[in-house]
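The structure appears right after this line, and notes come after that.
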Amino acid sequence: MNLNQVLLKPVITEKATIISEQNKYVFKVATRANKDQIKEAIKAIYKVEPVKINVVNVRGKERRLRLGTGFTSSWKKAIVTLKDGDKIELFETK
């Protein structure tokens, strides 16, 4: 798998913004990616050294569609912990 295909996009939610103050960043990653591939992608793209990577499989939620029910897509997220002093600029705050 190509390193550019491993990290799909950063997850920018209220909870992800709060834990970013603890040097933890949340990314949506490819479902077939493992921790080693995620670590290499973070090193190559953002030029920082991850200390720890936690991976969570997020199950799709049941949603109602007209007469029946369906599910949203399942996806995988990675919580990347960096060393003190390292930083990833995901968006600019004012």
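The values are calculated or read from the model by the stated rules, or taken from the named source; none is laboratory data. Keep in mind it's a predicted model, so treat the numbers as computed, not measured. Using ideal geometry, Cβ is built from the backbone for each residue, glycine included, and neighbour counts are taken over all protein chains shown. Calculation scope for accessible area: heavy atoms of the full protein, side chains included, ligands and nucleic acids excluded. Shrake-Rupley method; radii C 1.70, N 1.55, O 1.52, S 1.80 Å.
For the reader, a short list of remarks on this structure follows.
- Note on the chain: Kirkwood hydrodynamic radius from all Cα pairs is 14.4 Å, rounded to one decimal.
- The helix-only estimate of mean residue ellipticity at 222 nm for the chain, built from DSSP H runs of length n ≥ 4 each weighted as -39500 (n - 2.57), is -6000 deg cm²/dmol after division by the residue total.
- Mean Cα-pair separation over length for the chain, i.e. relative contact order, pairs under 8 Å, 6 or more apart, %: 31
- Rolling a 1.4 angstrom probe over the protein heavy atoms with all chains in place gives the chain an accessible area of 76 Å² per residue.
- Protein-only accessible surface at a 1.4 angstrom probe places the residues Tyr46, Tyr25 in the order Tyr46, Tyr25, largest first.
- The range 1-44: trypsin sites (Lys or Arg not before Pro) in DSSP loop, at most 14 other beta carbons within 10 Å: Arg32
- Using Cβ point charges alone (K and R +1, D and E -1), the dipole size of the chain about the Cα centre works out to roughly 520 debye.
- Exposed loop sites were defined as GluC sites (Glu not before Pro) in DSSP loop states (anything but H, G, I, E or B) carrying at most 15 other C-beta atoms within 10 Å; in the chain the longest segment without such a site runs 1-88.
- Angle in degrees between helix 35-46 and the longest Cα principal axis of the chain, rounded to the nearest 10: 60
- Taking the 1.4 Å solvent-accessible surface of the chain as the whole, the part contributed by carbon and sulfur is 47%.
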